[in-house]
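Notes follow once the structure below has been shown.
The values are calculated or read from the model by the stated rules, or taken from the named source; none is laboratory data. Please read all numbers here as calculations on a predicted model, not as lab measurements. Here the Cβ positions follow ideal geometry from the backbone for every residue, glycine too, while neighbour counts run over all protein chains shown. Note: areas computed on protein heavy atoms with side chains; ligands, DNA, RNA excluded. Shrake-Rupley method; radii C 1.70, N 1.55, O 1.52, S 1.80 Å.
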Amino acid sequence: MQQQKQGFRVERDTMGELEVPADKYYGCQTQRSKMNFDIAADTDRMPEPVIRGMAVLKKAAAIVNQRYGLDSKVSETIQQAAQEVID
């Protein structure tokens, strides 16, 4: 494994290891997309109400799925991230 640069973490997927900014929630697949496609311009952004709505949905799903066996740590982490987006 390569040495990790400060401010990055190493993520792994089926294509191998890749450094991802440590302050981001996304993983390898999103990082590869950012590297290979011209995305994330201001014109590519979803409207904020859509993003907020998706976060509400993700938080609700984490709560319900915890009742059906999702690990509580995973559920709480998803809920926290979703709440950050909602706020």
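Things worth noting here:
- Potential lengthening between GLN6 and MET54 on full extension [0.36 nm per residue; Cα-Cα distance subtracted]: 14.1 nm
- With Cα atoms, 0 to 90° folded angle of helix 72-86 axis to the chain main axis: 90
- Number of Lys-Lys pairs in the chain with C-alpha atoms under 21 Å apart and a separation of 8 or more places or on different chains: 8.
- Think of a 1.4 Å ball rolled over the protein heavy atoms: the chain then has 81 Å² of accessible area per residue.
- One chain, two ends: ASP42 and GLU17. Fully extended at 0.36 nm per residue, the span grows by 6.1 nm beyond their Cα-Cα distance.
- Trypsin sites (Lys or Arg not before Pro) within segment 1-72, DSSP loop, no more than 14 other Cβ atoms inside 10 Å: LYS5, LYS24, ARG45
- Within the accessible area of the chain (1.4 Å probe), percent carbon and sulfur: 53
- A simple count of charges around LEU18, restricted to other residues whose Cβ falls under 9 Å of its Cβ and scoring Lys, Arg +1 and Asp, Glu -1, yields -2.
- Spin-label model distance (nm) - ARG32 vs TYR68, 7 Å beyond Cα toward Cβ: 2.9
- Between amide H atoms placed 1.01 Å from N, distances below 5 Å from ARG9 occur with VAL20, ALA22, all of them 5 or more places distant or on a separate chain.
- Axis of helix 48-67 versus longest Cα principal axis of the chain: the two differ by about 70°, to the nearest ten degrees.
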